[in-house]
Amino acid sequence: MCSRNRFRPRAWASAVVWLACSTLLQAQSPELPTGPVQAKVRTACTECHDSHIIVQQRLSNKAWSREVDKMIKWGAVVDSVDRNAFIDYLSVSFPPDKAPEPGERAGPGKKK
Amino acid sequence: MLKTITRRGFLTGISGGIAAAALVPRFTWAAERGVEVPGKAGMIVRSARFLDLEMPAEFFSSWITPVPHFFVRNHMHEPSTFDADNWKLSISGEVERPLSISLRELAKVDAHTITNTLECAGNGRGFQQPKVPGVQWQRGAVGTARFTGPRLRDILQRAGIKASGKHVMFRGLDEVPGKVPPFIRSIPIEKATDADTLIATHMNGAVLARHHGFPARALVPGWIGAASCKWLTEIKVLDQEFDGNFMKPGYRMPNQLISPGGEVNSADTHAITSLGVKSVIAQPGDGSSVSSRPLRIHGAAWAGEAAVARLEISTDGGTTWRDARLGSQQARYAWRLWDHVWRPQEPGEYTIMCRATDDQGRTQPQSAAWNPSGYLYNAVDQVKIHVLA
């Protein structure tokens, strides 16, 4: 899927397909810490975005509950019996007093 | 400041860019390695999907930010397909003659160039205390580039703005997941019809790269980055501010000062428009050990629609301040580079600070006005360094 597009003037002019390669991208998502709902959070919360945006947050329980409810409203599939466990897991894993996430640098991509 | 580019060069650029877009911007992945982003090596990855890339502080050394170092802020997925033949920009709403323009037609409209410092409203959010949710940007969700394209007002005038037209809405081709509200925002008609507001098709003389909104984006100079909608496909003239998530509650500032961590009454807020006065230290880097004497301290300062008038440096944690030298390169909406040569007397720990003042008399505060989304962070920047013997 990620193979190089050939430059074919007619073909690309009518429809250029940009390859997002989203399934492979998931593999680059930072690990979520172990915990009771780790697997469920990974499934529900890395559907639209990867886990970078989650692991860099440093939030109180109240702020995490707002985030989880906002994401559910936006379409995250979270079983209602799991909502509180999600919030507890995220609040314990990414609390305000934890050291900030070091910024990872982008690599140049494959050179051919 | 305004420069007209030749029509021939512009058209060549467009077709060349379509070819380039087909070949270049895509991700490749290597197992056990970090995120690979061709054309953006060395950028700080705040998010891989959606792509959010921050410029590291050391890259603040160039007045024009090269495209590979220009920050990327995406709210959603970038368009996965692009059909050059069928791309249209529609103009509708409170206009006499709704119309839609192809890429070729857009390329025939007189183009202008604006050198603009584009900054994400959330730049510096990572420094807010207490912490707030959002991309945890530090210094580098900002860059300066030359943007080129037709004036938005020339396109709006073709459609004929009705007297009822008060705001101009932009919609891009971002792909919206689930039930997420689409990224649609509006700007007031006065700014939309300003001679410097563009539909940009080029950046630093090259066709817009995919991450920066190919084939066309709004360019609303001096304003927060969110105003400059990427992958533009629809412009609509409205009789009032657009009503949607990214206008409200998104991108609003409280009208009153909020105590850190406090609650905001959403009725008592306003939409964020222009950037504030701000500066950052490029080098020395925070936490670095330095041995050179003299030591060159340098960085950048900007003020949205206003002009930077002064940049001061403190090397003693804010007790005394000295003027830094402002760089000679300048343009109305662009940052000024600055530098200062310092001879530390003794080895030891030092806190270096920088503080900008603009021509409206605004000075960077010691601590930024806290707000629940961490917008417009502009506190005095500071780095702690260790001076070696």
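The values are calculated or read from the model by the stated rules, or taken from the named source; none is laboratory data. Values in this document were obtained by computation on a predicted structure and should not be read as measured data. FYI the Cβ positions are ideal-geometry reconstructions off the backbone, even for glycines, and counts take in every protein chain you see.
Summed over the stretch B:257-316, residues that are touching a residue at least 40 places away in the same chain (Cβ under 8 Å), among the polar types (S, T, N, Q) and part of a loop (DSSP other than H, G, I, E, B) total 4. Taking the criterion of being within 10 Å of chain B (Cβ to nearest Cβ) and within 15 Å of A:D79 (Cβ to Cβ), the only residue of the stretch A:38-62 that qualifies is A:E47. All conditions in (1) at pLDDT below 95; (2) within 30 Å of B:L219 (Cα to Cα) hold for B:E346, with the sole exception of (2). Which number in (1) surrounded by fewer than 23 Cβ atoms within 10 Å (Cβ to Cβ); (2) in contact with a helix residue (DSSP H, G or I) (Cβ under 9 Å, 6 or more places away or on another chain) marks the one condition that B:R171 misses? The single condition B:R171 does not satisfy is (2). Answer with yes or no whether B:F183 is more than 14 Å from chain A (Cβ to nearest Cβ), under 17 Å from the mean Cα position of the chain (by Cα) and in contact (Cβ under 8 Å) with a residue 60 or more places away in the chain. Here the answer is no, as B:F183 does not meet what is asked. When B:P38 is tested against (1) within 14 Å of B:G140 (Cα to Cα); (2) of a type outside the set (D, E, K, R); (3) facing another protein chain (nearest Cβ under 10 Å), only condition (1) is not met. Inclusion of B:S328 among residues that are among the small types (G, A, S), without any contact (Cβ under 8 Å) to a residue 40 or more places away in the chain, assigned to a loop (DSSP other than H, G, I, E, B) and over 22 Å from B:I114 (Cα atoms) is not warranted. When you check B:Q138 against the structure, is it surrounded by 19 or more Cβ atoms within 10 Å (Cβ to Cβ), in the same structural domain as B:L198 (by TED's automatic domain parsing) and not hydrophobic (A, V, I, L, M, F, W, C), yes or no? When the stated conditions are applied, B:Q138 passes them. With the structure loaded, tell me whether A:V68 is out of contact with any His (no Cβ under 6 Å at 6 or more places or on another chain), at pLDDT 95 or above and among the aliphatic types (A, V, I, L, M) or whether it fails that test. Yes: the conditions hold for A:V68. Candidates in the stretch B:43-66 are the residues that are more than 11 Å from chain A (Cβ to nearest Cβ) and farther than 20 Å from B:G213 by Cβ; of these, the one that is surrounded by the most Cβ atoms within 10 Å (Cβ to Cβ) is B:F60.
In summary, helices (runs of 4 or more DSSP H) completely within the stretch A:46-109 and bearing 1 or more residues that are more than 18 Å from the chain's Cα centre (by Cα), surrounded by fewer than 20 Cβ atoms within 10 Å (Cβ to Cβ) and not β-branched (V, I, T) occur at A:61-73, A:83-93. Can you find a residue that is within 30 Å of B:A300 (Cα to Cα), outside any strand (DSSP E or B), touching a Pro at 6+ places or on another chain (Cβ under 9 Å) and not hydroxyl-bearing (S, T, Y) anywhere in the stretch B:54-67? Yes, the stretch B:54-67 has at least one match.
For every residue, the table says whether it meets (1) surrounded by fewer than 17 Cβ atoms within 10 Å (Cβ to Cβ); (2) among the charged types (D, E, K, R).
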residue	(1), (2)
B:T319	yes, no
B:R336	no, yes
B:H340	no, no
B:G348	yes, no
B:I352	no, no
